[in-house]
Every structure is written in C-alpha cells, then in structure tokens.
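Below is one structure, written out as structure tokens; comments come after it.
The values are calculated or read from the model by the stated rules, or taken from the named source; none is laboratory data. Only a predicted model underlies this, so the values are computations on that prediction, with no experimental measurement involved. Backbone-built Cβ (ideal geometry, glycine too); neighbour counts: all protein chains shown. Just the protein is used for accessible areas: all its heavy atoms, side chains included, with ligands, DNA and RNA removed. Shrake-Rupley method; radii C 1.70, N 1.55, O 1.52, S 1.80 Å.
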Amino acid sequence: MKLFPYAHATHPQWRMAAALVLAQLRARMALPDHAASPSLGLLYITDRYADEAQAILEHLCAELPEVTDWAGTVGVGIASNNVEYFDEPAMAVMLCDLDPARYRVFSGVAPLGASGRSGDGEGFVAHTALVHADGQTPELADLIAEMADRTASGYLFGGLASSRGSTVQFALGSHGNLRGQGASAGVFHGGLSGVAFAGDVGILSRVTQGAQPVGAERTITAADGNLVLALDGQPALDVLLQERGISLDQPAQAMPKLRATLAGLRHAHPSGQGPGAALARRGQFGPDVMVRHLIGVDPQRRGVAIGDMAPVGSRLAFCERHTEAARADLTRICAELREELEPEAQDHALAHALAASEAESVPHPARRIAGAVYVSCAGRGGPHFGAPSAELQVVRRALGDVPLVGFFAGGEIAYHRLYGYTGVLTVFTTPAG
C-alpha cells in the first residue's frame with residue numbers, strides 16, 4: 001500500500017476548485033511513494049457546493065476513470081492536512097490505494113447484508129466501516145448500532161452530514177446495486193452510506209473529547225426517561241446548582257452558566273470500570289463518555305433533563321467545553337497512534353525524516369500511515385481552538401505530515417454510538433517493513 005494522493009481547494013466556482021484538486025492529485029500520483037492508480041475516492045464538500053453535488057461527482061468520475069468507487073458527504077466545514085474550510089466553497093479528495101476486493105461502498109440501494117456480507121456474491125465480510133449519515137433519519141441511533149452489528153469488529157467511524165442547505169452523501173460503487181433496488185447516480189439524501197473494509201485492511205482509530213468535567217462523576221440513582229432525578233441519592237438539580245455555584249433565585253447569573261453546561265454520560269459497564277474510567281479519574285473523558293446537552297430543568301421534581309435517555313445505574317458528570325483540555329486530548333490520541341506505528345529501531349535517514357520540522361516534512365512511508373480521515377464536531381472547528389485551522393494544525397504537529405481529509409459533522413460516529421463535541425481520527429496503516 002502506497003501513500004494516498006490527496007488534494008483540497010476553494011473557489012467560488014466548483015469547476016475551478018475541481019481543476020485545482022485534479023492538478024494536485026495528478027502531481028501526487030506521479031510521485032514514486034504515492035499510489036498511481038487508486039480505486040477508492042473519498043470526497044468531502046462544504047455546503048456551498050451542496051446543490052452541485054451530482055455535477056461535481058460526475059466531473060471527478062470522468063476525469064479520474066481509474067477511481068471506480070466514491071464515498072463522502074457534505075459539511076458546514078471540511079478539513080485536509082493542516083487546513084480547515086468554513087463558510088466558503090471548498091472540496092477535499094483523497095484517493096485510497098486499496099484492493100477493490102477488500103472494501104465495499106454501501107448505501108440505501110447497495111446495503112450490506114445482516115452478517116456484513118455484500119450482496120454481490122463474492123464473499124466479502126465487513127470488519128469495520130466508514131459511515132456517513134443524515135441526522136434527520138428516523139431512529140438513527142438504532143440504525144448506527146445495527147450497522148455496527150453487521151461488522152465483525154463492531155466498530156464504526158464517521159459522522160453526520162452537516163449543511164445549512166441540502167444534506168447529501170456520495171456513494172458510488174463499482175459492484176453496483178442490489179437487484180430490485182433501482183438505479184443510483186451516486187448522490188443520496190437521507191439514511192446511511194459509506195465504505196466497509198475487510199479485516200486485513202490496516203485501520204487504527206481514536207476518539208478525542210472536547211469537554212472537561214466540572215464536577216465529580218456520579219451514579220444516576222433515579223430517572224424518568226431523559227430526566228435525571230437523582231445522582232448518588234441526591235436531587236440532580238441540587239447537585240448541578242452546587243457544582244456550578246449558581247442559584248435559580250438569580251436567573252441573570254445562573255442562565256449563562258447553565259447554557260454552558262453539558263452532561264457527560266457513561267453507561268454502566270459490567271465490571272464497573274469501563275474503558276474510560278482511568279481517564280475520568282485524571283479529569284478527562286474517555287471514549288465511553290457521550291457528551292449531551294442540558295435541555296431543561298424541573299424545579300418541582302428537582303430534576304435535570306439531558307438530550308439522551310438516562311438509565312439508572314449509568315454514570316454522569318456535568319462538564320463544559322474546554323479549549324486546552326480539547327487540545328491536550330487531541331495531542332494525546334495522535335501521540336498514541338504515532339507510538340503504535342513508528343518502529344522502535346530507526347536508521348539515520350528514517351530518524352531525520354520523522355523528526356523534520358513542519359517546513360521540511362512531507363508525507364513519508366516510514367510513518368506507516370498511508371492516509372487519514374478526521375471527523376470533528378462542527379462546534380469544535382475554528383473559534384473553539386482559538387484560530388482558523390488551529391484544530392488541524394494540532395493534528396499535523398502531533399501526528400506528522402500525512403495525507404488527510406475529513407469534515408465537520410453534526411454528530412460523530414465511533415464504535416456503535418453517536419457522539420457530540422468529539423473528534424474521530426482514523427488512519428490507514430501500511431505494513432511494517
């Protein structure tokens with residue numbers, strides 16, 4: 001597997017942006033360390049181009065006939081290596097050097113079977129999947145969990161399309177559609193789509209949180225649907241007011257703090273110690289915590305309503321978005337990925353390549369990362385990290401210069417869950433050698 005060619009551009013006219021992208025892709029495809037004839041394209045566009053989605057896909061298919069399969073979606077912002085595009089027309093493309101027998105593009109007209117097998121009769125079995133979804137799809141959380149069950153690992157990564165206009169997804173597969181499902185032009189509205197990967201495709205993925213606890217993690221001891229009534233036996237509203245240092249008798253002072261408060265929900269683990277328990281003890285949320293909005297309070301029942309079901313026995317910590325905590329956690333997951341992939345023994349040339357400054361560094365096979373996909377919450381990009389493109393600059397400094405594309409989502413998908421205020425970083429790895 002060689003490095004994945006990637007490109008990004010912005011222009012008021014999509015054809016000009018596409019021309020810039022194609023020029024970059026062809027230049028990279030001519031480099032010896034990059035794939036010359038990749039078959040899978042990932043395409044992300046900002047919502048300024050959403051109405052032209054079909055024309056964009058058809059143009060790229062015509063210009064890149066070697067790319068037989070496409071997947072992607074729209075975002076209020078998109079990302080590539082070291083750059084974010086918000087509030088401007090832009091597109092990003094990455095061409096993945098994968099054996100077509102080791103992946104399948106899926107959609108409403110070409111779904112995966114219940115066992116993760118494709119409908120083409122060729123025996124493909126899904127191990128994991130990149131998933132794009134429409135947030136307005138009914139029973140979306142259940143559909144995501146069902147999709148995870150169709151993979152051997154139970155792990156998904158991806159996010160919800162985000163747009164101030166049309167919400168589109170790209171899904172065009174060379175294996176075609178299931179009989180009886182009708183024809184497809186590759187652009188979809190609603191439902192789920194994406195790419196499923198076989199077990200021998202090297203993929204590593206991490207979730208980074210963007211919120212930090214402002215109080216202790218407590219057990220939900222009484223609840224009614226999404227209304228948390230008691231935490232560790234105390235009225236939930238009283239716990240919230242005490243931890244935030246506010247009083248409902250002073251609404252002018254209380255409301256700004258309440259609006260800034262979120263709830264980190266961790267469902268009960270059989271052992272009592274889920275995968276994020278150690279991080280929680282250090283004042284960070286682990287990947288098993290789902291951050292949800294506070295949607296109201298009930299002074300009469302002394303309860304707090306959150307944007308999710310709140311089962312008794314689950315753990316909850318009130319939290320708030322925190323820039324430095326988000327930076328530190330993003331740096332942490334990048335460092336974990338680098339440590340797992342980089343060889344322990346390095347010759348002089350390899351050590352120099354991996355230690356090069358940003359100005360000198362280029363994507364290098366020694367990093368063992370052929371390409372990466374980063375899906376971040378639309379609420380994290382730009383201002384939350386302090387400056388335009390600051391979040392992607394953190395990724396580049398921590399992970400190194402690697403081919404990367406992604407988008408800013410209306411919700412992030414990882415494992416079998418739908419997250420908020422998180423980032424999901426996934427890398428395609430090359431064999432050690």
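Hey, what's the range 10-157 come to in accessible area per residue, 1.4 Å probe, Å²?
Working: 5660 Å² over 148 residues.
Averaged over the residues of the range 10-157, the accessible area is 38 Å².
Just the number, please: carbon plus sulfur as a percent of the accessible area of the range 2-157, 1.4 Å probe, no ligands or DNA/RNA counted. Don't jump to the answer; show the numbers that get you there.
Working: 2990 of 5830 Å².
Carbon and sulfur together cover 51 percent of it.
Using a 1.4 Å probe, how large is the accessible area of LEU172, given in Å² and rounded to the nearest 10?
Counting only protein heavy atoms, LEU172 exposes about 50 Å² to solvent.
Is any residue of the range 212-251 close enough, with backbone N under 13 Å, to a label point placed 7 angstrom from the Cα of LYS257 along the Cα-Cβ axis, and if so, which?
Residues 214-215, 238-251 qualify, since their backbone N sits under 13 Å from the label point.
May I ask you to give the solvent-accessible area per residue for the range 299-338, in square angstrom, as obtained with a 1.4 angstrom probe?
That works out to 43 Å² for each residue.
What's the ranking of 60-66, 227-233 by average number of surrounding C-beta atoms within 10 Å, highest first? Mind dumping the intermediate values first?
Working: 60-66: 14.0, 227-233: 19.6.
By packing density, highest mean first, the sequence is 227-233, 60-66.
For the range 1-122, what D do you get in µm² per second when you plug the Kirkwood radius from alpha-carbon pairs into Stokes-Einstein at 37 °C and 0.692 mPa s?
For the chosen part, D equals 216 µm²/s.
Extension gain ASP298-ALA335, at 0.36 nm per residue separation less the Cα-Cα distance, in nm?
Going from the current span to full extension adds 9.0 nm.
Expected output is a single nm value to one decimal: the length gained when fully extending between GLU342 and LEU20, i.e. 0.36 nm times separation in residues minus the C-alpha distance. What is it? Can you show the working numbers first?
Values: separation 322, 0.36 × 322 = 115.92 nm, distance 3.27 nm.
Once the chain is fully extended between GLU342 and LEU20, it gains 112.7 nm.
Using a 10 Å cut-off on Cβ atoms, rank the peptides 406-414, 49-57, 254-262, 293-301 from the highest mean neighbour count down.
Most protected by this proxy first, the peptides run 406-414, 49-57, 254-262, 293-301.
Using the Karplus curve 6.51 cos²θ - 1.76 cosθ + 1.60 with θ = phi - 60°, work out ³J(HN,Hα) for each residue of the range 30-41 in order, rounded to whole Hz, and write x for Gly and Pro.
Here the 3J(HN,Hα) series is 8, 7, x, 8, 9, 5, 8, 9, x, 10, 10, x Hz.
Between ALA216 and ALA62, what is the label-point separation in nm under the 7 Å Cα-to-beta-carbon projection?
Simple spin-label model gives 6.6 nm for this pair.
Enumerate the residues in the range 66-107 having an amide nitrogen under 13 Å from the point lying 7 Å beyond the Cα of THR137 toward its Cβ.
72-73, 106-107, by backbone N distance to the label point.
Quick one: length gained pulling SER174 to LEU31 fully straight, 0.36 nm per residue minus the C-alpha distance?
48.9 nm
Hey, what do the phi angles of the range 68-73 turn into as Karplus ³J(HN,Hα) couplings, whole Hz, using 6.51/-1.76/1.60 and θ = phi - 60°, x for Gly and Pro?
Computed from phi, the couplings for the range 68-73 are 9, 9, 9, 8, x, 6 Hz.
Read phi for every residue in the range 44-50 and hand back ³J(HN,Hα) as whole Hz from Karplus 6.51 cos²θ - 1.76 cosθ + 1.60, θ = phi - 60°, with x for Gly and Pro.
Each residue's phi maps through the Karplus curve to give 10, 10, 7, 5, 5, 9, 4 Hz.
Just order 320-326, 75-81, 31-37 by mean Cβ neighbour count inside 10 Å, highest at the front, would you?
The densest-packed peptide leads the list: 75-81, 320-326, 31-37.
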